[in-house]
Each structure stands twice: as structure tokens, then as C-alpha cells.
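First up is the structure itself, then whatever we jot down about it.
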Amino acid sequence: MTEPSTTYPRLEEFFVAAPDSVMPKARKGFEARWYGHADDRLLALEDAAHTVVATPAVA
């Protein structure tokens, strides 16, 4: 679907099959342990991801 290229960065497209929802797998107490072990950069990345997911798309 994309034009072949010999230089970088290259654009690639993929079609994938995946379920439309995923059941939570974390057991009770996971969140507390996660926040106790993760460093500040990882926690900031997780918070940013939650913000992006929670923000409605603008048309």
C-alpha cells in the first residue's frame, strides 16, 4: 500500500486482527505495587496515555 523506499524513515502500513476489548488481568493490589516500583518517567508516560485515551477526539 505504500511506495517502496530505500531511505529512512520509511512508512509502512499493516493490517492486524485484534479483539475490540480486553478483559482486565490485574489482580487486587496490583496498582499499589506498580506505583511503588515504577520510576517517575514511566509513571508520567502512563498518565499521559490515560489522558490521551480519556480525551474525546475532535472532528
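The values are calculated or read from the model by the stated rules, or taken from the named source; none is laboratory data. Small disclaimer: the values here were computed from a predicted structure and weren't measured. FYI the Cβ positions are ideal-geometry reconstructions off the backbone, even for glycines, and counts take in every protein chain you see. These area figures cover heavy atoms from the full protein model, side chains too; ligands, DNA and RNA do not enter into them. Shrake-Rupley method; radii C 1.70, N 1.55, O 1.52, S 1.80 Å.
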**Complete:** Probe 1.4 Å, heavy atoms of protein chains only: per residue, the accessible area of the range 13-59 in Å² is 105 Å²
**Message:** If you roll a 1.4 angstrom probe over the protein chains with everything in place, what fraction of the accessible area of the chain belongs to carbon and sulfur, to the nearest %?
**Reply:** 62 percent
**Message:** Suppose only helical runs count, i.e. DSSP H with n ≥ 4. What mean residue ellipticity at 222 nm does that imply for the chain under -39500 (n - 2.57) per run, divided by all residues and rounded to the nearest 500 deg cm²/dmol?
**Reply:** -12000 deg cm²/dmol
**Message:** Can you give me the angle between helix 40-54 and the longest principal axis of the chain, using Cα atoms only, in degrees from 0 to 90, rounded to the nearest 10?
**Reply:** 70 degrees
**Fill in**
The farthest towards the positive end of the charge dipole of the chain, of the residues Pro19, Ala32, Ala48, given +1 on Cβ of Lys and Arg and -1 on Cβ of Asp and Glu, is Ala32
